[in-house]
Amino acid sequence: MRQIVSIHSYRGGTGKSNLTANLATAVALTGRRVGIVDTDIQSPGIHILFGLDDKQITRTLNDYLYGQCEIAQTAYHISPPEVVAAGGHIFLIPSSLKAGEIARVLKEGYEVEKLNVGFEQLLEALDLDYLFIDTHPGMNEETLLSIAISDVLILILRPDKQDFLGSAVTIEVARRLGVPRLLLVLNKALASMDLVALRRDVERSFNAELGALLLLSEDMLRLGSNGIFSLKFPNHQFTQAIKELARKVIGS
């Protein structure tokens, strides 16, 4: 059964794009066909993690939204060798990094409902098992749309009071929209924290399952978005947590 998985955060800087890229890769490593759409149109960048150079990008999500092409024409097959060896596939639909096109989105907006149509077209045209949506942080029309049509919503937050307050609002909205499955991911926790108590407190506070608890990693900072972390560090705590999260997503 094809599924749409939205990765969202109430605020920026939570590690949402890194989570999306690594989780999608983990699912593709199980032999699935996976698509990723970068709907963070105001500040795109997930293509950098997959090593997709700006010069290689001839069509983007922006072109589809403004009627210049079909959305399947904006998909790039970016499967790393490890994914290919496992029989999986990853397709990325990037947003434009051109200043003029970002300014156009900010000034004119776009037909948000067209995103919904595009997601369904991608699932069909690329024969996807999973479509991951890297959303824009906060609450806006495009985010509400992607949440409403999601089979799974993954909400990433940090152990931070502002994140907790904003995430509580997002969770309430998601429940009102009837999202079938909600998973929380707590990122950038300190190893010195009482992680058992932290997990318990998060699940109790939000009455939701904590799908993964990720520690603040110097290795992640050192990599600096230069590749997919879980492929470069297959035995890392982060990678093991992502694999477990992937199992939960597939199990849903």
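The values are calculated or read from the model by the stated rules, or taken from the named source; none is laboratory data. The structure displayed is predicted, hence computed values, not measured ones. Methodologically, a virtual Cβ is constructed for each residue, glycine included, from the backbone with ideal geometry; neighbour enumeration extends over all protein chains shown. Quick note on the areas: whole protein, heavy atoms, side chains included, nothing else; ligands and nucleic acids left out. Shrake-Rupley method; radii C 1.70, N 1.55, O 1.52, S 1.80 Å.
Matching residues to (1) buried (at least 22 other Cβ atoms within 10 Å of the Cβ); (2) small (Gly, Ala, Ser):
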position	(1), (2)
Leu155	yes, no
Leu177	no, no
Val185	yes, no
Ser192	no, yes
Glu203	no, no
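For region 79-113, the tally of residues that are free of Cβ contacts under 8 Å to residues at least 60 places away in the same chain and either within 30 Å of Gly31 (Cα to Cα) or in a helix (DSSP H, G or I) (or both) stands at 21.
Among the residues making up region 205-230, those that are under 28 Å from Ile149 (Cα atoms), modelled with pLDDT of 95 or more and open to solvent by 30 Å² or more (accessible area, probe 1.4 Å) are Asn207, Glu209. Scanning region 137-174 for residues that are in contact with a strand residue (DSSP E or B) (Cβ under 7 Å, 6 or more places away or on another chain) and in a loop (DSSP other than H, G, I, E, B) yields a total of 5. For region 197-227, filtering for residues that are of a type in the set (A, V, I, L, M) and farther than 30 Å from Pro80 by Cα leaves 4.
Looking across region 6-16 at every residue that is out of contact with any Lys or Arg (no Cβ under 9 Å at 6 or more places or on another chain) and of a type outside the set (Gly, Ala, Ser), the one that is modelled with the highest pLDDT is identified as Lys16. Can you pull out the residues in region 45-66 that are crowded, with 18+ Cβ neighbours inside 10 Å and polar (S, T, N, Q)? Result: Thr60, Asn62.
Taking region 16-30 as the range and being more than 24 Å from Ala148 (Cβ to Cβ) and open to solvent by 10 Å² or more (accessible area, probe 1.4 Å) as the test, the residues that pass are Asn18, Ala26, Leu29, Thr30.
If you go through region 31-44 and keep only what is open to solvent by 10 Å² or more (accessible area, probe 1.4 Å) and more than 15 Å from His136 (Cβ to Cβ), you end up with Gly31, Arg32, Arg33. Of the helices (runs of 4 or more DSSP H) that lie entirely inside region 177-252, those containing 1 or more residues that are touching a residue at least 12 places away in the same chain (Cβ under 8 Å) and under 19 Å from the mean Cα position of the chain (by Cα) span 218-223, 229-232, 237-251.
Do you know which residues across region 4-15 are open to solvent by 10 Å² or more (accessible area, probe 1.4 Å) and either in contact with a Ser or Thr (Cβ under 6 Å, 6 or more places away or on another chain) or polar (S, T, N, Q) (or both)? Tyr10, the sole residue that qualifies. Checking Asn140, Asn116 one by one, the residue that is free of Cβ contacts under 8 Å to residues at least 12 places away in the same chain and closer than 22 Å to Lys16 by Cα is Asn140 and no other. In region 66-78, of all residues being assigned to a loop (DSSP other than H, G, I, E, B) and touching a residue at least 12 places away in the same chain (Cβ under 8 Å), the one that is farthest from Phe50 (Cα to Cα) corresponds to Tyr66. Taking residues in region 38-65 that are touching a residue at least 24 places away in the same chain (Cβ under 8 Å) and in a loop (DSSP other than H, G, I, E, B), and partners anywhere that are open to solvent by 30 Å² or more (accessible area, probe 1.4 Å) and among the hydroxyl-bearing types (Ser, Thr, Tyr), the pairs with Cβ atoms closer than 7 Å and at least 6 places apart or on different chains are Gly45/Ser17; Leu52/Tyr76.
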